[in-house]
Structures are given as C-alpha cells and as structure tokens.
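Chemist: Before anything else, here's the structure in question.
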Amino acid sequence: MNGESIESDSGERSRQFVIGDLHGQLGALETMLDIISPTEQDQVIFLGDFIDRGQRSNEVIQRILELGKRTKVIALRGNHMK
C-alpha cells in the first residue's frame with residue numbers, strides 16, 4: 001500500500017492516502033494506519049461512511065479526530081451519515 005508522493009514548493013515530500021467505507025471497523029482503521037504510518041507532512045482523506053454497521057463507530061470518529069492533530073486529514077461525509 002503506497003501513497004502518491006508529492007513534492008511541495010518548499011521541497012518537502014508528502015504522501016496522500018485515501019480511505020473509505022470504514023463502517024465502524026476500528027480494527028481495520030488501526031491496521032491501515034499502522035501500515036501507512038502517516039507523518040505530519042502526509043494527507044489522509046476519508047471518503048465517508050465512518051459509522052454504521054460496525055460496533056465501534058464512535059471510536060472510529062475519535063481516532064480520525066486524533067489523527068487530525070498530527071497529520072492533515074480531510075473527512076468527507078458519507079451516505080450513512082446524517
């Protein structure tokens with residue numbers, strides 16, 4: 001699993017990762033984050049549907065918010081989120 005490497009105007013290298021349809025599966029999110037190990041220069045884009053189906057929806061939301069404190073996060077609302 002590799003993110004696209006982008007060089008900024010300042011010469012820093014960063015990666016972009018896109019994650020979607022977590023549906024409350026905290027274990028899956030943690031596994032993906034362990035694999036990609038995002039840095040503060042990276043960007044993680046979540047394509048919605050963090051909640052629903054899985055039993056740990058609230059914890060998924062909390063983890064995404066925590067991640068946003070140490071790396072760039074974009075979280076889009078999914079069709080299961082009102």
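The values are calculated or read from the model by the stated rules, or taken from the named source; none is laboratory data. Predicted model, so just to flag it, every value in this text is computed and none were measured. Note: ideal-geometry Cβ built from the backbone for every residue, glycine included; neighbour counts use all protein chains shown.
Chemist: Under 6 Å between Cβ atoms, which residue pairs at least 6 apart in sequence (or on different chains) link something in the range 26-39 that is within 13 Å of Arg15 (Cα to Cα) with a partner that is at pLDDT 95 or above and not in a loop (DSSP other than H, G, I, E, B)?
Modeler: Ile36/Phe17; Pro38/Val44
Chemist: Also, quick follow-up: Look through the range 1-30, keep the residues that are of a type in the set (Asp, Glu), modelled with pLDDT under 95 and not in a strand (DSSP E or B), and return whichever of them is surrounded by the fewest Cβ atoms within 10 Å (Cβ to Cβ).
Modeler: Looking at residues that are of a type in the set (Asp, Glu), modelled with pLDDT under 95 and not in a strand (DSSP E or B), I get Asp9.
Chemist: Which one is farthest from Arg15 (Cα to Cα) among residues in the range 41-82 that are part of a loop (DSSP other than H, G, I, E, B) and either at pLDDT 95 or above or touching a strand residue (DSSP E or B) at 6+ places or on another chain (Cβ under 6 Å) (or both)?
Modeler: Lys69
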